[in-house]
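Written out below as structure tokens is the structure these notes cover.
The values are calculated or read from the model by the stated rules, or taken from the named source; none is laboratory data. All of these numbers come straight from a predicted model, not from anything done at the bench. Virtual Cβ from ideal backbone geometry, glycine too; neighbours counted across all protein chains shown. Surface areas here come from the heavy atoms of the whole protein model, side chains and all, with no ligands, DNA or RNA. Shrake-Rupley method; radii C 1.70, N 1.55, O 1.52, S 1.80 Å.
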Amino acid sequence: MGRVLEALGALVFRFRWAVLVASGAFLAAAVVVLVRQGPLTSGAIHGLESEKAAQIVDAVTGHSDKTTLVVGMHADRMDARSPAFADAARAALAPLRSDPDVDSVLAADDLPEQYKGRMLDGPGGAAFAVVYLNGPYQQALRDYPSVRARLHSDVLAIDCTGQIPFMHDLDVTLEHDLVRAELVSLPLALLVLLFVFRTATAATLPVGVGGLAVVGGIAVVTALAHVVEIAQYTINVCSLIGTGVAIDYSLFLVSRYREELAGGHEPREALVRAMGTAGRVIAFSGVAVVSGLSGLLFFEGSYLHAMGIGGVVVVGLAVVFALTFLPALLAVLGARIDAGRLPLPRPRGAGLWHRTATRVMRRPLLFLVPTLAALLVMGTPFLHVRLAAADVRVLSPDTEARRGYDLLREHFPEQAANRISIAVQFPSEPAITDERAVALQALEKRVRALPTVRDVRSPFTDPTLEIGSDALVVYAISDTRPESDEARAVVRAIRSDRRVADGTITVGGETANDVDSTAYVLARAPKAMALVVGATMLVVFLLLGSVILPFKAVAMNFVSIAGSFGALVWIFQDGHLFVREPRPLEPSLPILLFCVIFGLSMDYEVLMLSRMKESWERTKDNTEAVADGLEKTAGLITSAAAIMVAVFLAFALARVVLIKAVGLGMALAVAVDATLVRVLLVPATMRLFGHVNWWAPAFVTRARRALGLDHS
């Protein structure tokens, strides 16, 4: 492979201007695609029982909860039952009653006198109305801003909540977070690069390549949104991953190119040699990251699948541009790569890392045992991890959808209570017969007897509930939070007996969705993890030709991931540091981070072990090879890690909990991996294994040489 990449380097050097023009054309096309992007969706998982229950409920009620707005209205020092409040509410809702995007409006005025109290909190000065939007979900989401613009009052404070307002506010927040993260991360990355290279020209190249890869990757992903469901989350995650890996890959190549120039080689020869060494690392690292992200492709029917596609695309482009666009720029610059030298001090003691490795290898167990113990202690909080799907509470309290939700919880706890919907479907019409009525009443009695169930609503007890032609809905109301174990126990208890006369029940609602989403992820996680681990081991084996090192690389990855996972649970679930509202982790978060981090960790593993392998082939001295490899790569790895941590922490500033957790989790994993793991654990374990590190059967060595995979 090294010779192939050297040939590519020579080709790019010769046709450098054509490569730059082609890259510019790609960037222009990407901008056009971004302007005409396809529709982005919510983070949904299809095919769950809770989704089927929601479809039955929609058919019975004649409208969808997903396209229903809850309009909260509030006025301090005003009784909601007063004529003035009623007039203000009617005036605010009046434009919506004639809006073509609105199917219907239900307010207190529309209910019989005995039911008006459900929508009014007189002493609290609050009321709510329900607005049903026309059309399917995506159309309703597009229509919502114009509908919301017609809803205003000079007397009442109005806040909308529900699925549509939640997703609208989430999309707006994610877009804002993405822009802010890029504005913060790129200057921070540039600052680190300036300290690494100490020249303005060399420092700006990786940032430029990163920007090109991210813009191109996001353009491809948004184009796919015309034919595949792409969640808004995907854009942020792709930007986060693409920025980090593209800048890292560029850092590897530029550093090696400057090293070759400093060694006395002409620009063309320096580029060819850099492509054969650093380019090889980039190619293998890219394959490792793509392999990790490919684990997400097992989650078909969910937004994780789309994230996997998006991640593969953006990482693939990062590799392509690092091996084409960047070499073309280097070919144009030549020795001018060091133009714009800055008066920054040169890092002292290049031998520091050599001495560190030697010290660690002199007493490997002394460093190995405490470091492993510390990382395992960091990971222990993950043993009590809890998972729950994201809801409006992932938004900050100052967003409208969250304000509306908080208003409901404060003034209308009955409406904000956890509702478990029990859709009962029969094989024939009508839905109610004498035999079925008896069975339904028995169902009510059974559900009412369950722990934490405060009330049960059915068409028998609440005339406002509709009955479909062959189905109806019963609601179990619980005072427990939707993500609680008690609420999940209720869902499982109801599902334990699905027969109602000749009909069957399907359970939905927020808690049921949590149960189903968690089960969906856990059922597919083993296959995804097996693919990621297997592919990673194969990449390391093909790169190094060692039987032992792939196993050790996987073990090191698990250790660093365990530490970051434990920290996430301790922070976001247990409520430490800056988290004011602790909550369970989103079900997709652990597997998403596992697939991403497992691949990203290979960046440093591949870089470091490649240099160790080069030294081993020269000296056949394991201790010297490890020390030499660490000396030549530790500074680069530290710099690359600092860039990634800066990029990921910029995304940790997000206001959406999922993106904040992804950014912080990846930053922690990279920081741990680049320090404790690479500087202490790797030298210690390499010393303990000795020459066995590099062992491989003779036929494997011959096969690798025949395939051009060795370093010669």
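Got at least one residue in segment 581-590 being in a loop (DSSP other than H, G, I, E, B), touching a residue at least 40 places away in the same chain (Cβ under 8 Å) and touching a Ser or Thr at 6+ places or on another chain (Cβ under 6 Å)?
yes
Is it the case that segment 239-253 has a residue that's assigned to a helix (DSSP H, G or I) and open to solvent by 10 Å² or more (accessible area, probe 1.4 Å)? Full working, then the answer.
If we filter segment 239-253 for residues that are assigned to a helix (DSSP H, G or I), which is where we start, we get 239-253.
Of the ones still in play, those that are also open to solvent by 10 Å² or more (accessible area, probe 1.4 Å) are none.
For segment 239-253, residues assigned to a helix (DSSP H, G or I) and open to solvent by 10 Å² or more (accessible area, probe 1.4 Å): absent.
Tally time: how many residues in segment 128-149 are among the charged types (D, E, K, R) and closer than 12 Å to LEU69 by Cβ? So that I can check it myself, show each step before the final result.
From segment 128-149, those among the charged types (D, E, K, R) are 142-143, 148; that's our starting set.
Checking the rest, the ones that are also closer than 12 Å to LEU69 by Cβ come to 143, 148.
The qualifying residues number 2.
Restricting to segment 142-155, count the residues that are of a type in the set (A, V, I, L, M, F, W, C), within 18 Å of ARG97 (Cα to Cα) and either open to solvent by 10 Å² or more (accessible area, probe 1.4 Å) or assigned to a helix (DSSP H, G or I) (or both).
2
Yes or no, residue by residue, for (1) farther than 17 Å from LEU607 by Cβ; (2) surrounded by fewer than 17 Cβ atoms within 10 Å (Cβ to Cβ); (3) out of contact with any Leu (no Cβ under 6 Å at 6 or more places or on another chain); (4) of a type in the set (Gly, Ala, Ser):
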position	(1), (2), (3), (4)
VAL521	yes, no, yes, no
ALA530	yes, yes, yes, yes
GLY534	yes, yes, yes, yes
LEU543	no, no, yes, no
VAL547	yes, yes, yes, no
ALA555	yes, yes, yes, yes
ALA562	yes, no, yes, yes
PHE565	yes, no, yes, no
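Any chance you could count how many residues in segment 411-436 are more than 30 Å from ASP159 (Cα to Cα) and open to solvent by 20 Å² or more (accessible area, probe 1.4 Å)?
Summing the residues that are more than 30 Å from ASP159 (Cα to Cα) and open to solvent by 20 Å² or more (accessible area, probe 1.4 Å) in segment 411-436 gives 9.
Consider VAL539 carefully, then state whether it is modelled with pLDDT under 90, open to solvent by less than 60 Å² (accessible area, probe 1.4 Å) and more than 19 Å from GLN55 (Cβ to Cβ).
Spelling it out, VAL539 is indeed modelled with pLDDT under 90, open to solvent by less than 60 Å² (accessible area, probe 1.4 Å) and more than 19 Å from GLN55 (Cβ to Cβ).
Any residue in segment 416-434 that is touching a residue at least 40 places away in the same chain (Cβ under 8 Å) and under 15 Å from ILE467 (Cβ atoms) sitting within a Cβ distance under 8 Å of a residue that is open to solvent by less than 10 Å² (accessible area, probe 1.4 Å) and assigned to a loop (DSSP other than H, G, I, E, B)? List the pairs, counting only those 6 or more apart or interchain.
Note: pairs meeting the criteria are VAL424/ALA431.
Do you know which of the residues in segment 609-640 that are modelled with pLDDT of 85 or more and hydroxyl-bearing (Ser, Thr, Tyr) is nearest to TYR249 (Cα to Cα)?
Selected residue: SER615.
Out of segment 353-373, which residues are of a type in the set (A, V, I, L, M, F, W, C) and surrounded by 14 or more Cβ atoms within 10 Å (Cβ to Cβ)?
Scanning segment 353-373 gives TRP353, ALA357, VAL360, MET361, PHE367, LEU368, LEU372.
Here is a list of conditions, (1) open to solvent by less than 40 Å² (accessible area, probe 1.4 Å); (2) in a helix (DSSP H, G or I); (3) closer than 19 Å to GLU605 by Cβ, and GLY663 meets all of them except one; can you say which number that is?
That leaves (3) as the condition not met.
Quick one: is ALA684 closer than 29 Å to VAL196 by Cβ, part of a helix (DSSP H, G or I), in contact (Cβ under 8 Å) with a residue 60 or more places away in the chain and out of contact with any strand residue (DSSP E or B) (no Cβ under 6 Å at 6 or more places or on another chain)?
yes
Select, from ASP76, ASP87, ASP103, ASP109, the only residue that is in a loop (DSSP other than H, G, I, E, B), open to solvent by 10 Å² or more (accessible area, probe 1.4 Å) and free of Cβ contacts under 8 Å to residues at least 60 places away in the same chain.
ASP76
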